[in-house]
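J.: Here it is, the structure, as structure tokens.
The values are calculated or read from the model by the stated rules, or taken from the named source; none is laboratory data. Nothing here was measured: the structure is a model prediction, and the numbers come from that model. Ideal geometry is used to build each Cβ from the backbone, glycine not excepted, and the neighbour counts take in all protein chains shown. We work out accessible area using only protein heavy atoms, side chains counted, and drop any ligands, DNA or RNA first. Shrake-Rupley method; radii C 1.70, N 1.55, O 1.52, S 1.80 Å.
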Amino acid sequence: MIATTEPEMLMREGIAAAHSGDKAKTRELMQQVTELDPQNQSAWLWRANSAESPEESLDCLRNAIALIQIMKQPATPCLMPWYAWPPPA
């Protein structure tokens, strides 16, 4: 049996909260995940979706995009249109 890490457990709880419509709980849990694992692209996306403001959401999306560009991580499929952020001037 493979042990589940704390970020993985929090991530599962956060996704369950999102599916049940509890945006505040989702935001709280995903914030914990990104604090424990700042390179978790999926957590940044869930956090963007549960953000309290458009600015916060955009900051979270930028963090997810930075992981693609800096860490050379493959893009999460829903991020593909954002991959070239910021757009060319």
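J.: Counting just the residues of region 23-56 that are in a loop (DSSP other than H, G, I, E, B) and open to solvent by 70 Å² or more (accessible area, probe 1.4 Å), which one comes out farthest from Ile70 (Cα to Cα)?
T.: We begin by selecting, within region 23-56, every residue in a loop (DSSP other than H, G, I, E, B); these are 37-40, 50-53.
Still in the list and also open to solvent by 70 Å² or more (accessible area, probe 1.4 Å): 38-39, 52.
Details: Pro38: 13, Gln39: 10, Glu52: 26 Å.
The selected residue is Glu52.
J.: What about Glu13, is it closer than 26 Å to Ile70 by Cβ and over 13 Å from the mean Cα position of the chain (by Cα)? Walk me through how you get there before you give the answer.
T.: Details: closer than 26 Å to Ile70 by Cβ: no; over 13 Å from the mean Cα position of the chain (by Cα): yes.
Criteria not met by Glu13.
J.: Among the numbered conditions (1) touching a Gly at 6+ places or on another chain (Cβ under 8 Å); (2) modelled with pLDDT under 85, tell me where Thr26 comes up short.
T.: Single failed check for Thr26: (2).
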